[in-house]
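The values are calculated or read from the model by the stated rules, or taken from the named source; none is laboratory data. Since we're looking at a predicted model, the values are computed, not measured. In this analysis, Cβ positions are derived from the backbone assuming ideal geometry, glycine residues included, and neighbour counts consider all displayed protein chains. Surface areas here come from the heavy atoms of the whole protein model, side chains and all, with no ligands, DNA or RNA. Shrake-Rupley method; radii C 1.70, N 1.55, O 1.52, S 1.80 Å.
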Amino acid sequence: METQMHQDVEKILLTEAQIRERVSEAARWLDARMEGKFPLVVSVLKGSVMFFCDLVRAMKTSVQMDFMTISSYGSGSVSSGNLKLLMDLSSSVEGRDVILVEDIVDSGNTLVKMKELLSGRGAKSLTTIAFLDKPSRRQVDVSADYTCFTVGNEFIVGYGLDYAQKYRDLPYVGVLKREVYEGK
Ligand code: PRP
């Protein structure tokens, strides 16, 4: 029987197989770039957690994992660029080859701030990788060094992306039915 979570999805945009293939390409790209290094891979919680777990497992390079929780505050659904650090990394980034893993680059504000933060802490190199890119919503001119998929301006959920903290555990990326977020 279909669960409610799946019923709320209008259509599947990226299947599990498509995601697996692209994530493995991303892992190969990172492996080539990180040859001979022991990178610190940073997951920006919570959205990037699924991508992060699949990515590090697909990589051949041995990595150190760390996590950071940030929240954007301000009004509206677009992040304002003011980031609040809710949980910091447990390791130092100084002198490290850092890989920043994001689920989505939307306005771009979070990526800009995160890059500033990590570079400011003295990372030796910084590579940014995003599972999704939504260029139609961009407010600042920035993009990740590697992007798995570019999406249109649709309300998407799954594979880490939420709506009101729900749907992150969907194994695919789907478009949410309008009636769900408009309250019918
Ligand atoms: C989302 C996403 C990115 C950011 C992208 O995080 O994970 O970090 O927004 O948006 P931007 O490009 O407009 O800055 P969110 O604050 O929703 O938290 P979450 O990861 O816990 O869902």
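If the requirement is being open to solvent by 50 Å² or more (accessible area, probe 1.4 Å), within 14 Å of the ligand (Cβ to nearest atom), small (Gly, Ala, Ser) and on the phi < 0 side of the Ramachandran plot, which of these qualifies: SER107, SER143, SER62?
SER143
Can you find even one residue in the range 92-103 that is open to solvent by 70 Å² or more (accessible area, probe 1.4 Å), more than 10 Å from the ligand (Cβ to nearest atom) and either of a type in the set (Ser, Thr, Tyr) or more than 30 Å from TYR181 (Cβ to Cβ) (or both)?
yes
Just one of ASP103, ASP141 is in a strand (DSSP E or B) and acidic (Asp, Glu); which is it?
Answer to the selection: ASP103.
Check off (1) in contact (Cβ under 8 Å) with a residue 40 or more places away in the chain; (2) within 13 Å of the ligand (Cβ to nearest atom); (3) under 12 Å from the mean Cα position of the chain (by Cα) for LYS134 and give me the number that stays unchecked.
LYS134 satisfies every listed condition except (1).
Listed here are the residues, each with its yes/no results for (1) part of a helix (DSSP H, G or I); (2) on the phi < 0 side of the Ramachandran plot; (3) within 16 Å of the ligand (Cβ to nearest atom).
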| site | (1), (2), (3) |
| --- | --- |
| LEU13 | no, yes, no |
| GLN18 | yes, yes, no |
| GLU21 | yes, yes, no |
| GLU25 | yes, yes, no |
| ASP31 | yes, yes, no |
| GLY36 | no, no, no |
| VAL41 | no, yes, yes |
| MET50 | yes, yes, yes |
| VAL56 | yes, yes, no |
